[in-house]
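Participant: This is the structure, below, for whatever I ask next.
Please treat every number below as a calculation from the coordinates, not as lab data. The structure presented is a predicted model; accordingly, all values stated were derived computationally and were not measured. With ideal geometry, Cβ positions are generated from the backbone for all residues, glycine too; neighbour counts draw on all protein chains shown.
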Amino acid sequence: MGETKRGLLIVLSGPSGVGKGTVRKILFKDTSLNLAYSISMTTRAPRKKEKDGKDYFFVSKEEFENKIKNNELLEHAFFVGNYYGTPREYVERLRNEGKNVFLEIEVEGARQVLDKCKGDDVISIFLLPPSLEELERRIRGRKSEPEEIIQERLEKARREINLKGRYQYAVMNDNVGRAARDIARIIRNRLNKLKQK
């Protein structure tokens with residue numbers, strides 16, 4: 001039997017509230033894409049219905065800081081009082097198993113990953129909101145955060161949208177089904193290109 005072909009690293013980023021999670025859920029229903037979700041690590045408390053090892057790896061601040069020190073994270077960020085990051089070993093193991101690893105991460109985290117991971121087997125996609133007004137409506141619709149955090153998220157979103165040119169692709173999320181189909185097409189095209197090499 002031939003050796004397993006190393007999987008892609010797919011980075012989906014964009015402002016908070018743009019619909020990254022919803023798009024990801026649709027993409028993951030398509031088993032032909034052979035996707036594996038890269039679970040992030042965080043020091044924040046779990047939200048209702050979130051499970052450790054499924055939604056996030058929930059760890060202490062001290063444990064997280066040790067991982068930063070030992071370069072065990074592909075990226076990390078400190079946002080609204082908590083750390084978030086991507087465990088390097090977990091991602092590498094999945095890719096070596098031939099899975100296409102899907103990172104759904106914040107813009108600063110994506111920058112760090114793309115600085116460390118380069119090559120034809122890395123895809124970077126920026127998910128755009130139809131407008132800032134629509135983004136604000138989505139964030140407020142969560143009803144999970146106080147006003148000052150909502151304002152902080154919106155200010156951050158304005159800055160992040162200006163960075164979309166750093167990504168290989170920008171996909172508008174004005175219709176979640178269409179956005180997911182566009183991203184699936186991008187992944188398939190890259191896989192086909194790599195097969196031909």
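Participant: Tally up the residues in region 152-171 that are surrounded by 13 or more Cβ atoms within 10 Å (Cβ to Cβ) and more than 28 Å from Arg95 (Cβ to Cβ), please.
Facilitator: Number satisfying all stated conditions: 6.
Residues checked against (1) more than 21 Å from Asn173 (Cβ to Cβ); (2) in contact (Cβ under 8 Å) with a residue 40 or more places away in the chain; (3) among the acidic types (Asp, Glu):
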position	(1), (2), (3)
Gly19	no, yes, no
Val23	no, yes, no
Arg44	yes, yes, no
Phe57	yes, no, no
Lys61	yes, no, no
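Participant: Name the helices (runs of 4 or more DSSP H) wholly within region 55-120 that hold at least 1 residues that are within 12 Å of Val11 (Cβ to Cβ)?
Facilitator: So the answer is 88-96, 107-116.
Participant: Quick one: Ala110 ticks every box in (1) touching a residue at least 40 places away in the same chain (Cβ under 8 Å); (2) out of contact with any Ser or Thr (no Cβ under 7 Å at 6 or more places or on another chain) except a single one, so which number is it?
Facilitator: So the condition that Ala110 fails would be (2).
Participant: May I pose another question? So for region 131-147 (the condition being of a type in the set (Ser, Thr, Tyr) and either in a strand (DSSP E or B) or in contact (Cβ under 8 Å) with a residue 40 or more places away in the chain (or both)), does at least one residue qualify?
Facilitator: yes
Participant: Kindly indicate whether Leu12 is closer than 28 Å to Glu136 by Cβ, touching a strand residue (DSSP E or B) at 6+ places or on another chain (Cβ under 7 Å), of a type in the set (A, V, I, L, M) and part of a strand (DSSP E or B).
Facilitator: Here the answer is yes, as Leu12 does meet what is asked.
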